[in-house]
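Structure first, commentary second.
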């Protein structure tokens, strides 16, 4: 049984969705990590239609697990994934987990359904880039 976003649950995808490639709080060095993946680029990856389109897609497709709802899970899971040079999404992980493995898995599932991104560019070349996406959930 699944519970989709509706009357009693709101998923908040604040406009502060963090694309680490465009925010460099402590990262002064622009360059790939040991896997060849950038955290900061000149032009971050872009979702077709922008952040608003991505939030709308996630809100429509997110399937909230009943078990997490019944437990009143409200912690914010944060996903991290890689936008590849061709715009595809790979390496989806949840570095900041919620209190529910089912909820974390639901976040991974909805991110895996996202359309390909316009890839990040660095020095005029498409590059692999990390994206961080916090998913805020509150019950009303």
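The values are calculated or read from the model by the stated rules, or taken from the named source; none is laboratory data. Everything numeric in this text was worked out from a predicted model, so none of it was measured. A quick note on method: Cβ atoms are made from the backbone with ideal geometry, for glycine too, and the neighbour counts reach across all protein chains shown.
Among the residues of region 117-140, write down those that are outside any strand (DSSP E or B) and under 13 Å from the mean Cα position of the chain (by Cα).
Result: 117, 135.
Against the conditions (1) surrounded by fewer than 20 Cβ atoms within 10 Å (Cβ to Cβ); (2) modelled with pLDDT of 85 or more; (3) over 11 Å from the mean Cα position of the chain (by Cα); (4) in a helix (DSSP H, G or I), residue 87 satisfies every one except (4). The listed residues are 108, 92, and the only one of them that is closer than 22 Å to residue 53 by Cβ, at pLDDT 90 or above, touching a strand residue (DSSP E or B) at 6+ places or on another chain (Cβ under 6 Å) and part of a strand (DSSP E or B) turns out to be 92.
Applying the criterion of being surrounded by fewer than 20 Cβ atoms within 10 Å (Cβ to Cβ) and under 18 Å from residue 57 (Cβ atoms) to the residues of region 115-132, the residue that is modelled with the lowest pLDDT is 132. Screening residue 46 against (1) more than 17 Å from residue 130 (Cβ to Cβ); (2) surrounded by 15 or more Cβ atoms within 10 Å (Cβ to Cβ); (3) modelled with pLDDT of 70 or more leaves a single unmet condition, (1). Can you confirm whether residue 3 is surrounded by 15 or more Cβ atoms within 10 Å (Cβ to Cβ) and at pLDDT below 90? So residue 3 passes the test.
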